[in-house]
Amino acid sequence: MLTAIVPAAGLGTRMKSAENKQFINIAGQPLLARTLLSLEGLADRYVVVARAGEERRYRDLVAHLSLDAVVVTGGETRQQSVYAGLEAAGESQWILIHDGCRPFAPRELIEQLIAVARKTGAAIPVLPLVDTVKEIRGGVVVSTPDRRCLRAVQTPQVFRWDVIWQAHCQAREQGLESTDDAALVEATGAAVSVVEGSPENVKITTPLDLEKAKRPGFRVGTGFDAHGLVGGRPLIIGGMEIPHTQGLDGHSDADVLVHAIIDALLGAAALGDLGAHFPDTDNQYKNISSLTLLARARELLETKGYCIVNIDATVIAQRPKLAAHIPKMRGKIADVLGIEHADISIKATTTEGMGFTGREEGIAAQAACLIQVLKEVD
């Protein structure tokens, strides 16, 4: 049995955020959730080490993931937190320890670490240094180590149970403290094998790290939709019922604005269009709220590794006047998409009596969006 221990109890002072960094949103999911999902299917059970006083919040997060996970309280240091995780690991033959703030560890790297550890007893990922390293004491350089012999260490690190347990127990007895579990194993005299790490496997520690994680790439999408006006139906635009003598004709609630936004989002991610995912031949979508469809489109983007940056949309209608309703429309759509209200713009215009919208035969909408490519997912 392999148990994955994810220490996530640190204060995260270098993030300079009032929010616990484990719960900072990345592409619609908390940082910790993304880290745990990167390990999904690779361990038999999971131990999440929580910050004292926030255990319930961690349990609520874990409950939304399809993982066999338990939450335990961490200590004042990372080493103490890992020890608490080891105590909760039970009868595990293998232990994988992974920082809660490393959400991008490639699956093939983790699989390789597990395979090497099963042969040698301990395996860690390392990367060569690209900068010269100086040893500094008292504000002056005392030596320049040969960087060819040095490596930067990442997680996850994988150990046979007895190897890592003995290392932590010995460290407690000797008062040895380290931020690296492999260093504790080295202190026992046991060998630690190395595997080439990944530049993608970054640790989210500072605001700049977070900004880079959120903005590795961009994609643009556009959408357009139009519906005819008919009697006997409510007029739904932007998730709101707008007082009017006619409503929009369609299989769903015919929310022309939300439909245009959905098409823009799906188009940006090259995931087809509204009709491909929610066909008007399917009765489950009969009169459904388009906000529900928007939520599903958001989930689809998130599973593919995208998050939404901003949206700009325009409703084209001769009547009714929409300006007074736009603030609430922005709020409803932003809340469904998990973005700030300031990240969505909605405008309304007329065609000065020209065309089908000018003749009040229908209403149209167009939208443009920018999404971030957090991580390409097959």
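The values are calculated or read from the model by the stated rules, or taken from the named source; none is laboratory data. This is a predicted model, so every value here is computed, not measured. Glycine also receives a Cβ, built like all others from the backbone with ideal geometry; neighbour counts cover every protein chain displayed.
Screening Leu293 on (1) under 24 Å from His251 (Cβ atoms); (2) exposed (fewer than 14 other Cβ atoms within 10 Å of the Cβ) shows it passes everything except condition (2). If you go through the range 39-76 and keep only what is among the polar types (S, T, N, Q) and at pLDDT below 95, you end up with just Ser66. Selection of the range 210-257 for residues being outside any strand (DSSP E or B), in contact with a strand residue (DSSP E or B) (Cβ under 8 Å, 6 or more places away or on another chain) and β-branched (Val, Ile, Thr) yields only Val256.
Of the residues making up the range 96-127, those that are surrounded by fewer than 12 Cβ atoms within 10 Å (Cβ to Cβ) and more than 24 Å from the chain's Cα centre (by Cα) number 1. The listed residues are Asp249, Asp282, and the only one of them that is more than 28 Å from the chain's Cα centre (by Cα), modelled with pLDDT of 95 or more, exposed (fewer than 15 other Cβ atoms within 10 Å of the Cβ) and not small (Gly, Ala, Ser) turns out to be Asp249. Checked against (1) among the aliphatic types (A, V, I, L, M); (2) out of contact with any strand residue (DSSP E or B) (no Cβ under 7 Å at 6 or more places or on another chain); (3) outside any loop (DSSP other than H, G, I, E, B), Leu11 meets all criteria but (3). Hey, any hits in the range 187-201 for a residue that's farther than 22 Å from Tyr306 by Cβ, assigned to a helix (DSSP H, G or I) and touching a Phe, Trp or Tyr at 6+ places or on another chain (Cβ under 7 Å)? No, every residue in the range 187-201 fails to be farther than 22 Å from Tyr306 by Cβ, assigned to a helix (DSSP H, G or I) and touching a Phe, Trp or Tyr at 6+ places or on another chain (Cβ under 7 Å). Ile204 passes every criterion in (1) surrounded by fewer than 21 Cβ atoms within 10 Å (Cβ to Cβ); (2) assigned to a loop (DSSP other than H, G, I, E, B) apart from (1). In the set Gln93, Gln80, Gln170, Gln174, only one residue is among the polar types (S, T, N, Q), within 15 Å of Ile5 (Cα to Cα), surrounded by fewer than 16 Cβ atoms within 10 Å (Cβ to Cβ) and at pLDDT 95 or above; that residue is Gln93. Residue pairs whose Cβ atoms lie under 6 Å apart, sitting 6 or more positions apart in sequence or on different chains, and linking a residue in the range 30-48 that is among the aromatic types (Phe, Trp, Tyr) to a partner that is buried (at least 24 other Cβ atoms within 10 Å of the Cβ), are Tyr46/Ala4.
Within the range 329-378, the residues that satisfy the criterion of being farther than 20 Å from Asp225 by Cβ and either touching a helix residue (DSSP H, G or I) at 6+ places or on another chain (Cβ under 8 Å) or not in a loop (DSSP other than H, G, I, E, B) (or both) are Gly331, Asp335, Gly338, Glu340, His341, Ala342, Asp343, Glu352, Gln372, Val373, Leu374, Val377. Among residues of the range 285-322 being closer than 22 Å to Val230 by Cα and assigned to a helix (DSSP H, G or I), the one that is modelled with the lowest pLDDT is Tyr285. Which of (1) more than 21 Å from Gly41 (Cβ to Cβ); (2) modelled with pLDDT under 95; (3) under 30 Å from the mean Cα position of the chain (by Cα); (4) not aromatic (Phe, Trp, Tyr) does Arg147 not meet, given it meets every other one? Condition (3) is where Arg147 drops out.
Pairing residues of the range 163-177 that are in the same structural domain as Ser193 (by TED's automatic domain parsing) with residues that are among the acidic types (Asp, Glu), at Cβ distances under 9 Å and at least 6 apart in sequence or on separate chains, gives Ile164/Asp181; Ala167/Asp181; Ala167/Glu186; His168/Asp181; Ala171/Glu177.
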